[in-house]
1. Pick out the one residue from 139, 192 that is surrounded by 18 or more Cβ atoms within 10 Å (Cβ to Cβ) and modelled with pLDDT under 90.
2. Report yes if some residue within segment 95-102 is at pLDDT below 95 and either within 25 Å of residue 38 (Cβ to Cβ) or more than 19 Å from the chain's Cα centre (by Cα) (or both); otherwise report no.
3. Please state which one of 108, 77 is out of contact with any strand residue (DSSP E or B) (no Cβ under 8 Å at 6 or more places or on another chain) and touching a residue at least 24 places away in the same chain (Cβ under 8 Å).
4. Taking the stated definitions as given, is residue 169 modelled with pLDDT under 95 and assigned by TED's automatic domain parsing to the domain that holds residue 123?
5. If you take the residues of segment 58-75 that are in contact with a helix residue (DSSP H, G or I) (Cβ under 8 Å, 6 or more places away or on another chain) and in a strand (DSSP E or B), which of them is surrounded by the fewest Cβ atoms within 10 Å (Cβ to Cβ)?
């Protein structure tokens, strides 16, 4: 049993009988900066949240976290959140755990999006910011030489989030892109470290000119994606 300590007499008695005291208050002493309210940044963070970042309430703060074996994702997480709160990271077997406690103005990240909000989907640059965040978490940019030594670029997003993928496909189709969307693995199949809880889908753009056009509009921030390594 743990007891809180807010009265000096009680504290002395707790110490006398060896009863451990529970700290009351927030889980971190590092200063917090409220969210900037920038709509482009908000859209990007929502895209990142929808992909590879988890968020939940903890003592009136918002904790954001992820686990990764990729250095680029560690750097991206730090870049996104270190200006708002202290970023903690530590190795855990084959991956790194990284998290930060943020001001409650980040409560817009608490619920994982299942679809893209209309104000983002219809927002031009705001949509591209969301897509960049989502692609930084779930996307792959493939650069391979063909027999003529030309470079072919594919842009692929693999995800279980069929609602978001359909929204992305619909919006980009309206903008003149040609995309494919199909299942690559069924619910219950083993993938990586676990078993799929949902069907795994792949959304792809395979026309070189369209991939290059999209990359010019897409504000990607993941260094491996920018270098064509992931």
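The values are calculated or read from the model by the stated rules, or taken from the named source; none is laboratory data. What you are looking at is a predicted structure, and each value in this text was computed from that prediction instead of being measured. Cβ atoms come from the backbone with ideal geometry, glycine included; neighbour counts cover every protein chain shown.
1. 139
2. no
3. Just one listed residue meets the conditions, 108.
4. Criteria not met by residue 169.
5. 68
Okay, residues lined up against (1) part of a helix (DSSP H, G or I); (2) modelled with pLDDT under 90:
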| residue | (1), (2) |
| --- | --- |
| 1 | no, yes |
| 40 | yes, no |
| 48 | yes, no |
| 77 | yes, no |
| 85 | no, no |
